[in-house]
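Worksheet: the structure to be examined is printed underneath.
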Amino acid sequence: MLGYDMNIIEKGIRGIFGREFVTRQRKAKYPYFCTVVNSNKKEEVYNSLSTLPTLTEMKDERILAGFSEYTYTVTNKVYATGVKVPRTLFEFDQTGQLRTLVQSLGSRVANFPDKLVYTLMGLSYHDTLGACYDAAKFVEGKTGGVADTGHDLGNGVAQYNGFLGHLTDTLLAAATKTDRDNAIAAFQQDLRIAKAMLLELTDDRGEPWHDDADPEDLLILCHPRAEFFVRTALEGSVINDTSNITVRSVGKILTTPRTEPFVANDDETFHYGTWWLFKIDTPIKPMLFQRFGPRQSFPDTIPESDHEMLQALSSVEIQTIMRTGRDISETTFFDDDFLFGARVLYSAGFGMWQNAIKVDGDD
């Protein structure tokens, strides 16, 4: 190994990590429904703007909107991972194991924001851990015989963004064509309710929160076991010999095998039939993803489509301990190991509950 330039080798490892990270980051789900914030301090405090007043005839003086009393703080937390590689494995690696190891590390770090956001979504029913900017649970729903307290924007009107749907685990285990048709019909019924609930939300002055629910502005997140039924309901032109009334009514469908987002509010257990409807064309999306690292400026030679990927990579600290010879590290001297890993400061938070409808599944 003394004949190798360790600086060049370290740069190669960082390059392998970076390429794999960017490749995986392009496939990440969180940017679709999270407002991504580049943070430059320990925590970010979000002051929710009160609803802007509607336009009125100016007879006396202009009506001005100020900041509401609501604040929401998201604190960055340190997350790290790493591996210890025997120096001999590095020296005698003839099968590309080291490259595979570094690629796996890059993939794991790139996928971590999705995990962080999904984990928080799984707490959306929790009285304290699920609290959003208005101090209510992120999902306030009407499930079972008793409704939650509801979201109140200060005008005494309770509003809800969750309900118990008709798509059950039993229907998703459909064994016959009739069962499958019933599962699709159950989702269609829930979708109609969810879209209506979204459009019926109002601000503190009674004005509609959303002016429309165009398909390209809507996204559904569901479990892979529900994906067939969801896609059939949204992409099939004919269902059960009848024209499909919900075809192309939602622009994008995302899935994740993680169970956390699909914990039902009423019984706090995971159900395959639980899913989310997100409105994603708004200034603040349903969820927040916060990463430590100031906004970077990239040369004009780098395509704009790559800026977000490189910004994400710049928030990752890639760490290596790989010194030999006269400058050998203490770790390598005593244990004959090389170390490399990654460190990030990330956090997830709840954005605007008005942009999310959660439909709980059942047994």
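The values are calculated or read from the model by the stated rules, or taken from the named source; none is laboratory data. Since the model is a prediction, treat every value here as computed from it, not as a measurement. Positions of Cβ are backbone-derived with ideal geometry, glycine not excepted, and every protein chain shown enters the neighbour counts. Note: accessible area is taken over every heavy atom of the protein model, side chains too, but ligands, DNA and RNA are not part of it. Shrake-Rupley method; radii C 1.70, N 1.55, O 1.52, S 1.80 Å.
Tabulated data for the structure shown
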{"item": "D212 paired with T73, simple spin-label distance in nm, labels 7 Å along Cα-to-beta-carbon", "result": "4.1 nm"}
{"item": "Apportionment of accessible area to carbon and sulfur, the chain, percent (1.4 Å)", "result": "51 percent"}
{"item": "Charge dipole of the range 121-248 about the Cα centre (unit charges at C-beta), most positive-ward option of L198, A183, A233", "result": "A183"}
{"item": "Accessible area per residue, Å², the range 259-353 with all protein chains present, probe 1.4 Å", "result": "46 Å²"}
{"item": "Among I13, I280, I220: highest mean-square fluctuation, GNM of the chain, C-alpha pairs under 10 Å", "result": "I13"}
{"item": "Fluctuation leader among K29, K11, K115 - the chain, Gaussian network, Cα springs under 10 angstrom", "result": "K11"}
{"item": "Counted charge near G236, where neighbours are those whose Cβ lies closer than 12 Å (Asp, Glu -1; Lys, Arg +1)", "result": "0"}
{"item": "Difference of contour (0.36 nm per residue) and Cα-Cα distance, Q189 to R248", "result": "19.7 nm"}
{"item": "Proximal lysines relative to K252, as straight alpha-carbon distance under 18 Å, when same-chain residues fewer than 8 apart are discounted", "result": "K27, K29, K195, K279, K285, K358"}
{"item": "K11 paired with D152, simple spin-label distance in nm, labels 7 Å along Cα-to-beta-carbon", "result": "6.3 nm"}
{"item": "Cβ-Cβ FRET estimate between R225 and T282, R0 fixed at 22 Å, reported to 0.05", "result": "0.15"}
{"item": "GNM top mover of G96, G12, G165 - the chain, alpha-carbon springs below 10 Å", "result": "G96"}
{"item": "Candidate values (1) 30, 58, 12, 0; (2) 17, 29, 22, 16, 10, 5, 2, 0; (3) 25, 47, 23, 4, 0, label of the one derived for P(r) over Cα pairs in 20 Å bins from 0, in percent", "result": "(3)"}
{"item": "Of the DSSP H helices in the chain, those whose Cα atoms cover at least 15 Å axially and whose Kyte score averages -1.0 or more", "result": "6-25, 97-121, 177-200, 224-235"}
{"item": "For the range 111-221, size of Cβ-based charge dipole, Lys and Arg +1, Asp and Glu -1, in debye", "result": "520 debye"}
{"item": "Computed [θ] at 222 nm, helices only, for the chain once each DSSP H run of length n ≥ 4 contributes -39500 (n - 2.57)", "result": "-9500 deg cm²/dmol"}
